[in-house]
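S.K.: Dropping the structure in here first, questions after.
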Amino acid sequence: MTEVPARGPQSRADDVTTESSPGAGTNSEATWKLVDSPKELSSLCESLRSAGCFALDMEFRRDKTYFARLDLVQVATPEFVAIIDPQKAGSLDPLWELIGDPAVEVVVHSGRQDLEILKEAGGPAPRNVFDTQVAASFLGFGDQVPYNRLLAAVLGRQILKLETTSDWSRRPLSEAQIEYAIDDVRDLPELRRQLGERLSEAGRAEWAAQEMTRLEQSAATSRDPATLWKLVAGSSRLRGRQMDVLRELAAWRESLARRRNLPRKWVVPDDVLVDIAKRMPRKLDDISSIQRLSSTVLEREGPAILECVTKASAAPAKEPSQPDRRDPAVSAAADMLELLLRIRGEESGVATPLLGTRSEVLDVVRWVRGESQKRPPLLDGWRGEIVGGDLVALASGIRSLRFEPGSGKVVLEPAAGQE
């Protein structure tokens, strides 16, 4: 165990045993330790398993790589905080296996990227996650509330976020870095407990559980190559075969970025992909004039780019990925449904982006118009309870929206002739 400056007493990981229930008590006076050997990591994981619940946060960078570079892992129970040094702790497989154990709850805040790192490391799929940011979205705190703001609102605790741009790969860690790392997880167990109580009181614990399951599945599922075009800025400007070309280009870029461990946009920038898809080139001369496409990339990757265009052009036409937003009828229908979505979000206290997105609303439009056979997710689960049936009724013309001048509200009522 490496001794480092601390704000409170330290203890060894193998000296800590806990039998507390998830989130029982506050962590403000908890001891902390630095885990920097395989033996200490193994002992720590045994303590976490005995606790049955622990908070998790990670410090990582991926600005210059495709795969995240993990520099620090922080965990906490109500009794202690541990900072794991990946540079010295050896393989993190014992921790990954613990995260994949359905008998152990893992508490995170905005943990999607943390869970994706687990997938990149080849660990098991997470099975029992509680995300405090997701929970807060069901309780009137809005969409993607920052951790420090949520702590202040729920626990009345203020923390400073002064090391957000810190270089976590440097050793030794500074006192400021250690304090920041501790602050990121120390209060998560108590925050989870209080948010859990509020969800139960509001009758929304099951809603939140459904969303946590979606988060786990999303983090554990590899992205479908056919949907990678959605990551490309400017894709909405393309139609028909151009979109087919972009699909092929996006999948090709993803494969190349993974192999070279480079950010996607370092391989080929988004605007260049869109420009190539728009032009649908047949020979290298057709793309040599594209701005921001370097001569090096053109020489090395030009044949592969042309192959993507040829493959997309020869393939059977795919079903449109989204309704044509230039269609006035589709646009008006989506606008109307989005208004109802916002109304239901405000009434229920559920963050509107969590309730549904523009893309999901367009899925409802397509389904109602008979342009898609796939049932929209907005119609099922907790979303279906809040707004699903009303969206279908509104899009089908069975219901309509009317503004009430007296109350200042927009209300949903039977459409003319549907009373």
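S.K.: Which residues in segment 265-291 place their backbone N less than 12 Å from a point set 7 Å from the Cα of E299 along the Cα-to-Cβ direction?
M.R.: Output list for this probe position: empty.
S.K.: Using just the Cα positions, wrap segment 191-244 in a convex hull and report its mean projected area in square nanometres, one decimal place.
M.R.: The Cα convex hull of segment 191-244, projected and averaged over all directions, gives 6.1 nm².
S.K.: Also, quick follow-up: What is the angle, in °, between the Cα long axis of helix 328-348 and the longest principal axis of the Cα atoms in the chain? Nearest 10 is fine, range 0 to 90.
M.R.: Around 30 degrees separate the two axes.
S.K.: Please compute the per residue accessible area over the chain with all protein chains in place, 1.4 Å probe, rounded to a whole number of Å².
M.R.: Here the per-residue accessible area is 48 Å².
S.K.: Using a simple charge model, +1 on the beta-carbon of Lys and Arg, -1 on the beta-carbon of Asp and Glu, nothing else, what dipole does the chain show about its Cα centre, in debye to the nearest 20?
M.R.: Details: 57 positive and 64 negative charges, 381 e Å.
Value, rounded to 20: 1820 debye.
S.K.: With charges set only on the Cβ (+1 for Lys and Arg, -1 for Asp and Glu), what does the dipole of segment 232-274 come to about its Cα centre, in debye to the nearest 20?
M.R.: 100
S.K.: Quick one: the Cα spread of segment 278-380 along its three principal axes, in angstroms, biggest first?
M.R.: Principal extents (largest minus smallest coordinate, Cα): 57, 28, 26 Å.
S.K.: So, one more: Quick one: with all protein chains in place, what share of the accessible area of segment 325-419 is carbon or sulfur, to the nearest percent (1.4 Å probe)?
M.R.: Percent of accessible area from carbon and sulfur atoms in segment 325-419: 51.
S.K.: Dividing the alpha-carbon Rg of the chain by 2.2 N^0.38 Å yields what?
M.R.: Numbers: Rg = 25.0 Å, N = 419, 2.2 N^0.38 = 21.8 Å.
With N residues counted in the chain, Rg over 2.2 N^0.38 Å equals 1.15.
S.K.: Ignoring ligands, DNA and RNA, please state the percent of accessible area on segment 65-125 from carbon and sulfur, probe 1.4 Å.
M.R.: With neighbouring chains kept in place, the figure for segment 65-125 is 48 percent.
S.K.: Still on this structure: Taking segment 25-151 on its own, what percent of its Cα-Cα pair distances exceed 18 Å?
M.R.: In whole percent, the long-distance tail amounts to 55.
S.K.: Roughly how compact is segment 243-292, stated as its Cα Rg over 2.2 N^0.38 Å to two decimals?
M.R.: Taking the Cα Rg and dividing by 2.2 N^0.38 Å, one obtains 1.12.
S.K.: Kirkwood hydrodynamic radius, computed over distinct alpha-carbon pairs, for segment 194-281: how many Å, to one decimal?
M.R.: Every distinct Cα pair counted, the radius reaches 15.4 Å.
S.K.: I've got another one for you. Taking the alpha-carbon set of segment 117-227, what are its Rg and Dmax in Å?
M.R.: Gyration radius and largest Cα-Cα distance of segment 117-227: 16.5, 47 Å.
S.K.: Here's something else I'd like to know. Could you sort 393-400, 360-367, 305-312 so that the peptide with the highest average Cβ count within 10 Å comes first and the rest follow in order?
M.R.: Ranked from most to least packed, the peptides come out as 360-367, 305-312, 393-400.
S.K.: Please give the length that would be gained between A332 and T227 if that part of the chain were fully extended, namely 0.36 nm times their separation in residues minus their C-alpha to C-alpha distance (nm, one decimal).
M.R.: Gain on stretching A332 to T227: 35.2 nm.
S.K.: Which percent of the accessible area of segment 141-249 is formed by carbon and sulfur heavy atoms (probe 1.4 angstrom)? Before the final figure, lay out each step's value.
M.R.: Details: 2470 of 5410 Å².
Here it works out to 46 percent.
S.K.: Distance cut-off 18 Å, Cα to Cα: go down the list K230/K278; K230/K283; K88/K119; K39/K119; K33/K88; K33/K161 and report the pairs above it.
M.R.: Distance filter (> 18 Å) returns K230/K283; K88/K119; K39/K119; K33/K161.
S.K.: Please give the net charge around V410, taking every other residue with its beta carbon less than 13 angstrom from that of V410, where Lys and Arg add +1 and Asp and Glu add -1.
M.R.: Here the charged neighbours net out to -2.
S.K.: Can you show me the helix-derived [θ] at 222 nm for the chain, built from DSSP H runs with n ≥ 4 at -39,500 (n - 2.57) apiece and divided by the number of residues, rounded to the nearest 500.
M.R.: -13000 deg cm²/dmol
S.K.: Under 8 Å for C-alpha pairs, at least 6 residues apart: give me the relative contact order for the chain, rounded to a whole percent.
M.R.: About 13 percent, as a whole number.
The values are calculated or read from the model by the stated rules, or taken from the named source; none is laboratory data. Quick caveat, the model's predicted, so the values are computed rather than measured. Every residue, glycine as well, gets a Cβ built from its backbone with ideal geometry; the counts of neighbours run over all protein chains shown. Ligands, DNA and RNA are stripped out before the accessible areas are found, and what is left, the full protein with its side chains, is counted by its heavy atoms. Shrake-Rupley method; radii C 1.70, N 1.55, O 1.52, S 1.80 Å.
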